[in-house]
Amino acid sequence: MSAYARVAVARRTGHPDDCHIHVRDNGAVLHDLFPPGIQHALDLAGIFVFATAGALLAVRKNFDVFGICVLALVTALGGGLFRDLVIGAVPPAAFGELSFFVTPLVAAAIVFFLHPEVQRINRAINVFDAAGLALFCVTGTTKAYEFGLGLTASAALGLATAVGGGVLRDVLVNEVPSLLRDREMYAVPAIVGASMVAVFIGFEVLNPVTTGLAIVTTFLLRILAIRYHWRAPLAWNRRSAVAEEP
């Protein structure tokens, strides 16, 4: 029986010995969906891209090397750190795995020395950022469910995993978080992906195929939003009555 199936059985039976299966099997559901090596590589890729985006913003704000490193770390690890603290997965993965902590620093170093070249490949950065967003919203939702949260709460925490680092980044540079001014539908694709995973879990059909479907859907929504400048609706009649504030 897969780890996911054992979690589902424990939820239905409420057996005292089974109620903590999801805690003992932390990460087992994700390992059922992806081999550990692939899962780790995807995590590092997402962390690297998010860290690069944070470091580039620090350069644009004229931060020094310390500020660049801090913003890279916060952007890359903030969402996952928040998720792990909420669900009680301590120490958080960001501190339990050295590569998770070192990868943002590597990205910060690359941006520090090569930021003009990095900015020239901004379109590629957006593609990888969309991939990281898709992966993190899906894995965040799954991990939250493993630790006993309900489906709605798990989806909300999946969203927080995907966008939490960006919110902290924007607050640190004194900007309105992009989550609240979703100019190119950054949060909406993550909401869709996390909700899809929650629905798949609810119907007990979460498997590599449905997980891949949620990841691809989130990724494509984000890419299309960038390409066609989609955004969430403003308040009714706001656009026609008053110009949008910068």
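Values as computed for the structure displayed
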{"quantity": "Distance in nm between pseudo-label sites at GLU204 and GLU117 (7 Å out along the Cβ direction from Cα)", "calculated": "5.4"}
{"quantity": "Residue-wise HN-Hα coupling along the stretch 154-167, computed from phi with Karplus coefficients 6.51, -1.76, 1.60 (Hz; x: Gly, Pro)", "calculated": "5, 5, 4, 6, x, 4, 4, 4, 6, 10, x, x, x, 5"}
{"quantity": "Relative contact order of the stretch 72-181, pairs being alpha-carbon contacts under 8 Å that are 6 or more residues apart, as %", "calculated": "36"}
{"quantity": "Most to least accessible of ARG120, ARG222 (protein chains only, probe 1.4 Å)", "calculated": "ARG120, ARG222"}
{"quantity": "For VAL173, net neighbour charge (Lys/Arg +1, Asp/Glu -1) across residues whose Cβ lies under 11 Å away", "calculated": "+1"}
{"quantity": "Extension gain (nm, one decimal) between PHE101 and ASP64, 0.36 nm per residue minus Cα-Cα", "calculated": "11.4 nm"}
{"quantity": "Whole-angstrom gap from the stretch 104-145 to the stretch 69-97, using each part's C-alpha centre", "calculated": "15"}
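The values are calculated or read from the model by the stated rules, or taken from the named source; none is laboratory data. Remember, it's a predicted structure, so these values are computed and weren't measured experimentally. Heads up, the Cβs are rebuilt from the backbone with ideal geometry, glycines too, and the neighbour counts pull from every protein chain shown. Only protein heavy atoms, including side chains, enter the accessible area calculation; ligands, DNA and RNA are left aside. Shrake-Rupley method; radii C 1.70, N 1.55, O 1.52, S 1.80 Å.
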